[in-house]
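Can you keep this structure in mind? I'll have questions shortly.
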Amino acid sequence: MTLKLAPGLSIQKSPINGKGCFATVYFPHRRKIAEYTGERIPDLEAQRRAHRAKLRICDVDGAWSIDGSRGGNGTHYINHSCEPNAYVRTIFGHVVFFALRDIDPGEEITVDYEQTLHPDSKRCYCGAKSCRGRINRIPGV
């Protein structure tokens, strides 16, 4: 089965981690990049699947999650960065990525994951000057 990518995105080798999601078009500041798509699953199932090596699950509302590895559009390859160029908003049950600043073609699209199903010890390799050293943002640290 071939992955149908969201318009304006490509999947390439990432300097951050494995494969990444890259812009093929210019995304102006605050503009929508794409919606996170995939299989909609209850959070209990998301917890069960969280033990996979590559985690591609995004929380929607504390009750439901989306597994981008099943029916996703390439946005599940968006890597974490402590200095991201995009951000995520949940709007009426839809998880949507927006440009935090102007993003040029060829740039890897990144977001700050902040809280994930990964253990708090999961290391970050984003390479940003302000890298906190871990994927999850730990309150008070």
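Quick test of your reading of the structure: Val25 fulfils all but one of (1) farther than 25 Å from Pro119 by Cβ; (2) aliphatic (A, V, I, L, M); (3) assigned to a strand (DSSP E or B). Name the failing condition by number.
The number of the failed condition is (3).
In the stretch 28-83, what residues are surrounded by fewer than 20 Cβ atoms within 10 Å (Cβ to Cβ), within 13 Å of the chain's Cα centre (by Cα), closer than 27 Å to Ser130 by Cβ and at pLDDT 90 or above?
Cys82
Kindly indicate which of Ala99, Ala86 is surrounded by 13 or more Cβ atoms within 10 Å (Cβ to Cβ), farther than 16 Å from Ala128 by Cβ, modelled with pLDDT of 95 or more and not charged (D, E, K, R).
Testing whether each residue is surrounded by 13 or more Cβ atoms within 10 Å (Cβ to Cβ), farther than 16 Å from Ala128 by Cβ, modelled with pLDDT of 95 or more and not charged (D, E, K, R) leaves just Ala99.
Identify, from the list Asp43, Asp102, the residue that is among the acidic types (Asp, Glu) and free of Cβ contacts under 8 Å to residues at least 24 places away in the same chain.
Going through Asp43, Asp102 in turn, the sole match is Asp43.
Just to verify a result, which residue in the stretch 130-140, among those that are assigned to a loop (DSSP other than H, G, I, E, B) and modelled with pLDDT of 75 or more, is nearest to Leu44 (Cα to Cα)?
Asn136
Now for a separate question. Just to verify a result, which residue in the stretch 102-121, among those that are out of contact with any strand residue (DSSP E or B) (no Cβ under 6 Å at 6 or more places or on another chain) and surrounded by 14 or more Cβ atoms within 10 Å (Cβ to Cβ), is nearest to Cys82 (Cα to Cα)?
The residue in question is Asp112.
The values are calculated or read from the model by the stated rules, or taken from the named source; none is laboratory data. As the structure is a computational prediction, the values presented were derived from the model and not from experiment. Glycine also receives a Cβ, built like all others from the backbone with ideal geometry; neighbour counts cover every protein chain displayed.
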